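Right, one structure below, let's go through it.
Since every read-out is calculated from the coordinates, none of them should be taken as a lab result. Just so it is clear, the structure is predicted and the values come from calculations on it, not from any experiment. Here the Cβ positions follow ideal geometry from the backbone for every residue, glycine too, while neighbour counts run over all protein chains shown.
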Ligand SMILES: [Zn+2]
């Protein structure tokens, strides 16, 4: 029962965060300055302004460490829950969006997965983080 409650609370928090992220109204520094809750729009870990896009792409050591830790968890989760092809596609999409570069496809990639992965990357981080919207 406790795990179910924790899971539901996590889902609620995640839903609120995603709604704010997608509407670009989350409590990032740029919004906090506008609301007079902070004095500087700069990311506390990196010199650029902290907007919602920056949260996912921040190159600071702190953000990179967190990203790497979460990617290990994501990879483990995907291995348990989906096909190898979809797992690799999702990991390539996250990496491409985080590092703002095109993915490198190994020779064995199926053309349909490559096309879908590229299409998802082109939709951008907001669409991807809000759901896997391949058409
Ligand atoms: Zn940053």
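Brief remarks follow.
- Taking the longest Cα principal axis of the chain as reference, the axis of helix 61-81 is set at about 40 degrees.
- The angle between the Cα long axis of helix 2-23 and the longest principal axis of the Cα atoms of the chain comes to about 80 degrees, rounded to the nearest 10.
- Note on the chain: Kirkwood hydrodynamic radius from all Cα pairs is 16.7 Å, rounded to one decimal.
- Förster radius 41 Å - calculated FRET efficiency between residue 36 and residue 115, Cβ distance, rounded to 0.05: 0.30
- Between helix 111-123 and the chain there is an angle of about 10 degrees, using the helix long axis and the longest principal axis of the Cα atoms.
- Normalising the average separation of contacting C-alpha pairs (under 8 angstrom, six or more residues apart) by the number of residues puts the relative contact order of the chain at 17 percent.
- Each residue, residue 15 and residue 65, gets one label point 7 Å from its Cα in the Cβ direction; the gap between the two is 3.4 nm.
- A simple spin-label model places the labels of residue 122 and residue 22 2.2 nm from each other, with each point 7 Å out along Cα-to-Cβ.
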